[in-house]
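Novice: Please read through the structure below; I'll follow up with questions.
The values are calculated or read from the model by the stated rules, or taken from the named source; none is laboratory data. Since the model is a prediction, treat every value here as computed from it, not as a measurement. Every residue, glycine among them, receives a Cβ derived from its backbone with ideal geometry; neighbour counts consider all protein chains shown. Note: accessible area is taken over every heavy atom of the protein model, side chains too, but ligands, DNA and RNA are not part of it. Shrake-Rupley method; radii C 1.70, N 1.55, O 1.52, S 1.80 Å.
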Amino acid sequence: MTDIFADIARSTAEALGRLGVETSAEEIKRLMQLPAKPGFGQFAVPLFGFTKTLCQPPPVVAGKVADTISCPATVQKIEAVGGFLNFWEQPGIIAAEVLPKIVHMRDRYAAADEGMGQVVVMDYSHPNIAKPFGVGHLRSTVIGNSLYRVLEKLSYKPVAINHLGDWGTQFGKLIYAFRQWGSEEQLSVQPIRALYDLYVRVHEEAKYNPELEEHGRAEFKKLEDGDPDNRALWQRFRDLSLQEFNRIYARLGVGFDSYAGEAFYNEHLGPLIKRLQETGLAHESENALVMEFDDPQLPAFVVRKADDASLYATRDLAAAEYRYKTYHFSRALYIVGSAQALYFRQLFAALKKMGYAWADHMEHIEFGWVKFGTEIMSTRKGTVVFLDDVIEQAVQRTKDIIAEKNPELPNVDEVAEQVGTGAVVFSQIAVRRNKDIVFSFEDVLNFDGHTGPFLQYNHARLCSLLRKYGRPVETDIDCAVLADPEETRLALLLHEYPRMVQTVAETCEPMTLAAYLIELVDLYSSYYHRVRIMTDDESLTRARMLLSAAIREVLRDGLYLLGLAAPEQM
RNA sequence: GCCCCCGUAGCUCAGCAUGGACAGAGCAGAGGUUUCCUAAACCUUUGGCCGCAGGUUCGAAUCCUGCCGGGGGUACCA
């Protein structure tokens, strides 16, 4: 199969070569971009980077290249504007290149084998047992899930680990609180509510009564030493919470390969600490065991508390060792809020100091806070927004809209679930990772404009169009009738899609894909309103259906990669 | 104190990695579109010293330095 983009890149590289510039077709292809505005060609190559070696201003270089280039016959026009080389293809050439390919390959269109044989361990979601699943946990879950699907598309073998927060001093407090104020009745009726109330109460009372901290620590120590009563209570809390989490994950379409939480590494902790002591990698300081680093920026890292109990760091070190031994990952991603950036630098440095070269392949994929108004959500303060409530409201809102707009829709409940969760998921993925998100019900429940439901709506409308067409879409047709600039632009955007998916994998930034899909769908929606897809002209109709079918494929695949369902009607 | 992140339209955000063609969207506001493929849509329109000041460059929202404002982190919470 010929590749017109490669052909043009080669021609451009050759023309530059004759002018005395060393470059390659690959480099030019990488530089190729879609112009910001129509009028600057269908696609463009910026030549600014080559002007230095030639000691000539950009417009002169571009002019010379435009004059001397010998292009494939499919190129209709080349223009040098500023330092850009702008290309126009003959009508339909780009469409013919890309549309049949998409319709044939469907969800394999963006697939690549670059990750073949490489395991990527991913740590995300990690809710805390005995705390409700808040909107804060949603962001890690949604980003992780999307990256999982993207990596899988590129033939990596992702392993999703839900490192449950099921261990730590907080359980001592909770056990103490349950014995003080809790009851079996509450626990069996509304388990999560009951545990959450206890959690808030114990932190509230601890403010006035410092002894509670001591009680909590003591109960946790007993738990860690294997006290059967505490152990049984802990197991019960864990089971109840996990049940609840799994119900929510099912709604979001999220799954995990492992639920090995913090408690899972219990037996590894003692030997690990002993090893760190004996090898001299860690030493006693103020009764705690700490590791120190050469880098003066990195403060000491506590790996065992003064009361001999383990802490987060101990369990993460053990988890890292276990994961490497078990999965032999080539990359390990921790999708955790940026508040823990320093902690992860210490963790990775500690592993490096332990002699693990693979520590270099661990990355903290950080993200900003999810704020509610001006406040940061806090489980302890009780200012958390329950994810379940958010989803429930979004689903209800969807039902209202369906009742108004499409009362004939057969499977209302299923679609409302898909669209409602779609709105919630999209709200988390449509903002760059390192920015804080201001969570507002008003925005999440507003389905107008650039939202998850907007993407889903366009998908459903495309499906409807294809149903109405009633025949298989033909791929072996004359695309020259797709002479409209928007049709060419759409084809060019579709051509970008696989590159976009790879960018997401490199940057771990699903927002880029969300923005891409919005751009694609926005343009198509505008086009759809301006022209008729199905016309009296047979060949034109065939071509426009092919374009529409290709857009549906990419949209459906893109929605999947973001973690949104793509209902066929809504 | 030191370290990290953010600062673009009334609001929420793209664009910054790899500097480049007049800074783009959505929401909110104003006006319009439905005998026609899903109007959860589309079209028109109002609205910007890209936090401030320097520097590098032919060219800076983008890179560098300083400052201001906000947030986070800074040994036994996770």
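Novice: Given the criteria farther than 17 Å from A:I429 by Cβ, within 13 Å of RNA strand B (Cβ to nearest atom) and crowded, with 19+ Cβ neighbours inside 10 Å, does A:M545 qualify? Show your work before the answer.
Specialist: On the way: farther than 17 Å from A:I429 by Cβ: yes; within 13 Å of RNA strand B (Cβ to nearest atom): yes; crowded, with 19+ Cβ neighbours inside 10 Å: yes.
Criteria met by A:M545.
Novice: Answer yes or no as to whether A:P510 is within 10 Å of RNA strand B (Cβ to nearest atom) and either assigned by TED's automatic domain parsing to the domain that holds A:Y334 or farther than 25 Å from A:E97 by Cα (or both).
Specialist: On the way: within 10 Å of RNA strand B (Cβ to nearest atom): no; either assigned by TED's automatic domain parsing to the domain that holds A:Y334 or farther than 25 Å from A:E97 by Cα (or both): yes.
Answer is no for this residue.
Novice: Something else about it: Would you mind finding the one in A:V438, A:V424, A:V431, A:V444 that is assigned by TED's automatic domain parsing to the domain that holds A:N406, open to solvent by less than 60 Å² (accessible area, probe 1.4 Å) and within 8 Å of RNA strand B (Cβ to nearest atom)? Lay out the reasoning, then the answer.
Specialist: Values: A:V438 fails: open to solvent by less than 60 Å² (accessible area, probe 1.4 Å); A:V424 fails: within 8 Å of RNA strand B (Cβ to nearest atom); A:V444 fails: within 8 Å of RNA strand B (Cβ to nearest atom).
A:V431 is the lone residue from the list that is assigned by TED's automatic domain parsing to the domain that holds A:N406, open to solvent by less than 60 Å² (accessible area, probe 1.4 Å) and within 8 Å of RNA strand B (Cβ to nearest atom).
Novice: Can you name the residue in segment A:24-59 that is open to solvent by less than 40 Å² (accessible area, probe 1.4 Å) and polar (S, T, N, Q) and is also nearest to RNA strand B (Cβ to nearest atom) among such residues?
Specialist: Here the residue is A:T51.
Novice: Could you check segment A:99-206 for helices (runs of 4 or more DSSP H) lying wholly inside it with 3 or more residues that are more than 20 Å from A:W234 (Cα to Cα), polar (S, T, N, Q) and open to solvent by less than 10 Å² (accessible area, probe 1.4 Å)? Break it down into steps so the answer makes sense when it comes.
Specialist: Values: elements: A:135-153, A:169-181, A:184-189.
Filter on segment A:99-206 gives A:135-153.
Novice: Of (1) under 30 Å from A:I143 (Cα atoms); (2) open to solvent by 20 Å² or more (accessible area, probe 1.4 Å); (3) touching a helix residue (DSSP H, G or I) at 6+ places or on another chain (Cβ under 9 Å), A:H215 satisfies all except one. Which?
Specialist: (1)
Novice: Report, ordered by the first and then the second residue, all pairs with beta carbons closer than 8 Å, sequence separation of six or more or different chains, a first member in segment A:325-341 that is under 15 Å from A:Y312 (Cβ atoms), and a second member that is open to solvent by less than 40 Å² (accessible area, probe 1.4 Å) and among the β-branched types (V, I, T).
Specialist: Pairs that qualify, where the first residue is under 15 Å from A:Y312 (Cβ atoms) and the partner is open to solvent by less than 40 Å² (accessible area, probe 1.4 Å) and among the β-branched types (V, I, T), are A:Y334/A:I365; A:V336/A:I365.
Novice: Do you know which residues across segment A:285-298 are more than 6 Å from RNA strand B (Cβ to nearest atom) and assigned to a strand (DSSP E or B)?
Specialist: A:L289, A:M291
Novice: Is it fair to say A:E79 is among the acidic types (D, E) and within 16 Å of RNA strand B (Cβ to nearest atom)? Step through it out loud before you land on a result.
Specialist: On the way: among the acidic types (D, E): yes; within 16 Å of RNA strand B (Cβ to nearest atom): yes.
Yes.
Novice: Just one of A:E392, A:E408, A:E414 is assigned to a helix (DSSP H, G or I) and farther than 25 Å from A:P127 by Cβ; which is it?
Specialist: On the way: A:E392 fails: farther than 25 Å from A:P127 by Cβ; A:E408 fails: assigned to a helix (DSSP H, G or I).
Exactly one residue qualifies, and that residue is A:E414.
Novice: Given the conditions (1) in a loop (DSSP other than H, G, I, E, B); (2) open to solvent by 40 Å² or more (accessible area, probe 1.4 Å); (3) more than 6 Å from RNA strand B (Cβ to nearest atom), and given that A:T475 satisfies all but one, which numbered condition is not satisfied?
Specialist: The one condition A:T475 does not meet is (2).
Novice: Is segment A:2-10 home to any residue that is crowded, with 16+ Cβ neighbours inside 10 Å and near RNA strand B (Cβ under 9 Å from one of its atoms)?
Specialist: No, because not a single residue in segment A:2-10 is crowded, with 16+ Cβ neighbours inside 10 Å and near RNA strand B (Cβ under 9 Å from one of its atoms).
Novice: Hey, another quick one. Here are some conditions: (1) farther than 24 Å from A:I143 by Cβ; (2) near RNA strand B (Cβ under 10 Å from one of its atoms); (3) at pLDDT below 95. A:F301 meets all but one. Which one does it not meet?
Specialist: Evaluating A:F301 over (1) farther than 24 Å from A:I143 by Cβ; (2) near RNA strand B (Cβ under 10 Å from one of its atoms); (3) at pLDDT below 95 leaves (3) as the failure.
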